[in-house]
Amino acid sequence: MLTPSTPDLIQATFDRHHGVSGAPFASLNCSFSVGDQTEKVQSNRQRIKKMLGINCLISARQVHGDQIFRVEEGSDCDQELEGVDGLMTNTKGVGLMIQHADCQAVLLHDPVQSAVAAVHCGWRGSVIGIIEKTVRMMRSCYQSRPEDLIASISPSLGPCCAEFTNHRQELPASFLAFQHRDNYFDFWMISKAQLMAAGLQAEKIRTAEICTSCSTDFFSYRRARRQGDGTTGRNCSIIALKNKAEIVS
């Protein structure tokens, strides 16, 4: 579990271990949408909430689009929203969850305006610019200045494994600058470049640089495809603003 948190922030990426799900979802699968038993996923999510000390968890059934949902004070806890790939809030105590297995979770924190966002960004999200759209929405909704934002890019498909044999049809020509070798692309650097284009400072962007396809500590759709039919669980990344009581304690 990676936890680059601060005194007023809860932030974590969980690996696949220490859950209750059986194979092929062993063991901390966080997704209701991959064929795992509902009660197992609920138990895994409860474990995560307990470890992080949060009572409210907002997630989404992600569709590789660019819709971003603003979670406001008074929203129901433990929602799973349909058709959303970005979440944002300035409400304390609300955990924003992204589910991923090779795609990136990009977590954003504005320590000045006290706001956070969580973005599901696969290659389609990179193409349609969901990261930049999220930064624009934080500027509009919370008066966030991009130069104040701190970003974390989760473990995800690395340049060693991000093969796109149809990249001429799937990816814009501008992505060729990030071609690692023939048909392989560095999406960690693509996301960093998009964050910087949106106004973030390079020194405030943290990349885990862990390839989920290589590391068996994480669920990986590509690795599961190589080994069978692609059935696997989902890792999760969560960001939340701490309640004042938590900060004092």
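Taking into account only those residues within the range 47-59 that are in a strand (DSSP E or B) and out of contact with any Lys or Arg (no Cβ under 7 Å at 6 or more places or on another chain), which is surrounded by the fewest Cβ atoms within 10 Å (Cβ to Cβ)?
Among them, the one singled out is CYS56.
Among the residues of the range 169-198, write down those that are of a type in the set (S, T, N, Q) and either under 29 Å from ARG16 (Cβ atoms) or part of a strand (DSSP E or B) (or both).
GLN179, ASN183, SER191, GLN194
Please state which one of PHE164, PHE219 is in contact (Cβ under 8 Å) with a residue 24 or more places away in the chain, touching a Ser or Thr at 6+ places or on another chain (Cβ under 6 Å), under 21 Å from GLN62 (Cβ atoms) and not polar (S, T, N, Q).
That would be PHE219, the only listed residue that is in contact (Cβ under 8 Å) with a residue 24 or more places away in the chain, touching a Ser or Thr at 6+ places or on another chain (Cβ under 6 Å), under 21 Å from GLN62 (Cβ atoms) and not polar (S, T, N, Q).
Determine which single condition THR3 fails, assuming it passes every other condition in (1) over 18 Å from ASP78 (Cα atoms); (2) within 14 Å of the chain's Cα centre (by Cα); (3) at pLDDT 95 or above.
With respect to (1) over 18 Å from ASP78 (Cα atoms); (2) within 14 Å of the chain's Cα centre (by Cα); (3) at pLDDT 95 or above, THR3 is out only on (3).
Given the options GLU209, GLU246, GLU203, name the one that is modelled with pLDDT of 95 or more and over 22 Å from CYS160 (Cα atoms).
Answer to the check: GLU203.
If a residue must be surrounded by fewer than 18 Cβ atoms within 10 Å (Cβ to Cβ), free of Cβ contacts under 8 Å to residues at least 60 places away in the same chain and out of contact with any strand residue (DSSP E or B) (no Cβ under 7 Å at 6 or more places or on another chain), how many such residues does the range 3-22 contain?
2
Which one is farthest from PHE164 (Cα to Cα) among residues in the range 57-78 that are touching a Ser or Thr at 6+ places or on another chain (Cβ under 8 Å) and at pLDDT below 95?
Ranking the candidates gives GLU73 first.
Scan the range 39-60 and tell me whether some residue there is over 14 Å from the mean Cα position of the chain (by Cα), among the small types (Gly, Ala, Ser) and within 28 Å of CYS214 (Cα to Cα).
Among the residues of the range 39-60, at least one is over 14 Å from the mean Cα position of the chain (by Cα), among the small types (Gly, Ala, Ser) and within 28 Å of CYS214 (Cα to Cα), which makes the answer yes.
So in the range 202-227, with the set limited to residues that are of a type in the set (A, V, I, L, M, F, W, C), in contact with a Pro (Cβ under 8 Å, 6 or more places away or on another chain) and not in a loop (DSSP other than H, G, I, E, B), which one is surrounded by the fewest Cβ atoms within 10 Å (Cβ to Cβ)?
Taking the candidates together, the pick is ALA224.
Mind checking which pairs have a first residue in the range 29-55 that is on the phi < 0 side of the Ramachandran plot and a second that is among the β-branched types (Val, Ile, Thr), Cβ under 6 Å, 6 or more apart or different chains?
So the pair list comes out as PHE32/VAL41; LYS40/VAL20; SER43/VAL20; LEU52/ILE10.
For the range 23-46, check the following and say yes or no: at least one residue is of a type in the set (Phe, Trp, Tyr), crowded, with 19+ Cβ neighbours inside 10 Å and assigned to a strand (DSSP E or B).
No, because not a single residue in the range 23-46 is of a type in the set (Phe, Trp, Tyr), crowded, with 19+ Cβ neighbours inside 10 Å and assigned to a strand (DSSP E or B).
The values are calculated or read from the model by the stated rules, or taken from the named source; none is laboratory data. The structure displayed is predicted, hence computed values, not measured ones. No Cβ is skipped: glycine too gets one built from the backbone with ideal geometry, and neighbour counts run over all protein chains shown.
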